[in-house]
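Everything below concerns the one structure shown next.
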Amino acid sequence: MKIGLQVSSFTWPGGAAAIAPTFARIVTAADEAGFDSIWVMDHFWQIRGGGPPEAPMLEGWTALGYAAALTKRARLGLMVGGVHYRTAGLWAKTATTLDVLTGGRSYLGIGAAWNEEESRGLGFPFPPLKDRFEMLEETLRITHGMWQGGSGSGERFEGRHYQADRLLNSPQALSRPHPPIMIGGGGEKKTLRLVAQYADATNQFGGPDRLVHKFGILRQHCEEVGRDYASIERTNLNSIHLTENGADGSISPSQFVDLLGSWAEAGSQHAIFSIKSVHDTHAIELIGRDVISQIRDLGDPSPIS
């Protein structure tokens, strides 16, 4: 099993001036500890459950670019991008840029988005959900075209929401066949169908029973479209409070290994999580020392290296 760190909050001691050095310390510690991936949210305001909207939040692609210069092995991605925040061709170009600058370590995380308050607040158009799903599918088709061949397909794309005269992408991404595309969300009729058709990874929330159900729906969609279910990386997202002894409502490294085992048994191949008080990198170091070596053989191997 693989593990990933999601940095979902930037409310740390020291205020805005301390965000850059603290974030640098976190991503460096995770990379050195052996985490397989590092993620930030694609939000401009803090989201419900994470704090008030006024809490500090960094723009995602810029934050990943900063992390790119500080890390050597972990893949980097948005968990996950809101399709309406950027035009279709920009998604592939930005993920390609990150991939080139990291030596082939980017994900393209994307989804239909949901945060209407944030979008309205900052003046982003917020189309109806049906339109956002259409935009997502067109963006995925354009992205596949830009990642085709030596420097893209070069073809014209004509869709309902996007028109592109020439799908050119130079330099091309280093990841082969292209940076893995992760679609976030558990919608059983549309989202998981898009995963089966276009994506390389899926991300799901919830406990083992929910994971079993969602992965089962994905398998059905794969069968319907003729896609190899095993070619899609199955990931799950959660949050943990980890301490050495598991005191005060936290969990210990051994308890965390058990939890990871339950996720692996449910079908997850890549557990991604946020860590309470992550600015204190002790929990990251504990995972590197006491967890990672024990979980590599859990579950099915991921198709993404």
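The values are calculated or read from the model by the stated rules, or taken from the named source; none is laboratory data. The model shown is predicted, which means the values in this text are computed figures rather than measured ones. As a convention, Cβ positions derive from the backbone with ideal geometry for all residues, glycine included, and neighbour counts pool all protein chains shown.
Which one is farthest from P171 (Cα to Cα), of the residues in the stretch 81-94 that are surrounded by fewer than 24 Cβ atoms within 10 Å (Cβ to Cβ) and among the β-branched types (V, I, T)?
T87
With the structure loaded, tell me whether E188 is among the charged types (D, E, K, R), touching a helix residue (DSSP H, G or I) at 6+ places or on another chain (Cβ under 6 Å) and without any contact (Cβ under 8 Å) to a residue 40 or more places away in the chain or whether it fails that test. Walk me through it before giving the result.
On the way: among the charged types (D, E, K, R): yes; touching a helix residue (DSSP H, G or I) at 6+ places or on another chain (Cβ under 6 Å): yes; without any contact (Cβ under 8 Å) to a residue 40 or more places away in the chain: yes.
When the stated conditions are applied, E188 passes them.
What's the number of the only condition in (1) loosely packed, with under 14 Cβ neighbours inside 10 Å; (2) in contact (Cβ under 8 Å) with a residue 40 or more places away in the chain; (3) among the charged types (D, E, K, R); (4) under 27 Å from G185 (Cβ atoms) that D228 fails to meet?
(2)
Any chance you could count how many residues in the stretch 5-26 are buried (at least 21 other Cβ atoms within 10 Å of the Cβ), touching a Leu at 6+ places or on another chain (Cβ under 9 Å) and small (G, A, S)?
Residues that pass the stated criteria total 0.
Listed residues I295, I284, I275; which is among the β-branched types (V, I, T), surrounded by fewer than 21 Cβ atoms within 10 Å (Cβ to Cβ) and in contact with a helix residue (DSSP H, G or I) (Cβ under 8 Å, 6 or more places away or on another chain)? Give the derivation first.
Numbers: I284 fails: surrounded by fewer than 21 Cβ atoms within 10 Å (Cβ to Cβ); I275 fails: surrounded by fewer than 21 Cβ atoms within 10 Å (Cβ to Cβ).
From the options I295, I284, I275, the qualifying one is I295.
What single numbered condition from (1) at pLDDT below 95; (2) more than 19 Å from F273 (Cβ to Cβ) fails to hold for F205?
(2)
Examine the stretch 17-30 for a residue that is of a type in the set (D, E, K, R) and under 17 Å from the mean Cα position of the chain (by Cα), and state whether such a residue exists. Break it down into steps so the answer makes sense when it comes.
Our first condition is that a residue be of a type in the set (D, E, K, R); within the stretch 17-30, this holds for 25.
Checking which are under 17 Å from the mean Cα position of the chain (by Cα) leaves us with none.
Looking through the stretch 17-30, none of the residues is of a type in the set (D, E, K, R) and under 17 Å from the mean Cα position of the chain (by Cα).
Filter the stretch 27-46 down to the residues that are acidic (D, E) and part of a helix (DSSP H, G or I), then identify the one that is surrounded by the fewest Cβ atoms within 10 Å (Cβ to Cβ). It would help to see each step written out before you state the result.
Going through the stretch 27-46, the residues acidic (D, E) turn out to be 31-32, 36, 42.
If we keep only those that are part of a helix (DSSP H, G or I) as well, we get 31-32.
Working: D31: 21, E32: 16.
Here the answer is E32.
For the stretch 130-148, give me the residue count where each residue is farther than 20 Å from L78 by Cβ and surrounded by fewer than 20 Cβ atoms within 10 Å (Cβ to Cβ). Give the derivation first.
Of the stretch 130-148, the ones farther than 20 Å from L78 by Cβ are 130-131, 134, 145, 148.
Add one more test, that the residue is surrounded by fewer than 20 Cβ atoms within 10 Å (Cβ to Cβ), and what stays is 130-131, 134, 148.
Count: 4.
Name the residue, out of G121, G104, that is at positive phi and either part of a helix (DSSP H, G or I) or surrounded by fewer than 24 Cβ atoms within 10 Å (Cβ to Cβ) (or both).
Numbers: G121 fails: at positive phi.
It is G104.
For residues in the stretch 219-242 being assigned to a strand (DSSP E or B) and not β-branched (V, I, T), which is farthest from L259 (Cα to Cα)?
Keep residues of the stretch 219-242 that are assigned to a strand (DSSP E or B), which gives 233-240, 242.
Now narrow it down to the ones that are not β-branched (V, I, T): 233-234, 236-239, 242.
Numbers: E233: 19, R234: 16, N236: 12, L237: 13, N238: 11, S239: 12, L242: 12 Å.
So, considering only residues that are assigned to a strand (DSSP E or B) and not β-branched (V, I, T), the one farthest from L259 (Cα to Cα) is E233.
Quick one: in the stretch 47-77, which of the residues that are over 26 Å from Q269 (Cβ atoms), modelled with pLDDT of 95 or more and among the charged types (D, E, K, R) is surrounded by the most Cβ atoms within 10 Å (Cβ to Cβ)?
Among them, the one singled out is E59.
Tally time: how many residues in the stretch 249-270 are crowded, with 18+ Cβ neighbours inside 10 Å, touching a helix residue (DSSP H, G or I) at 6+ places or on another chain (Cβ under 8 Å) and not in a helix (DSSP H, G or I)?
3
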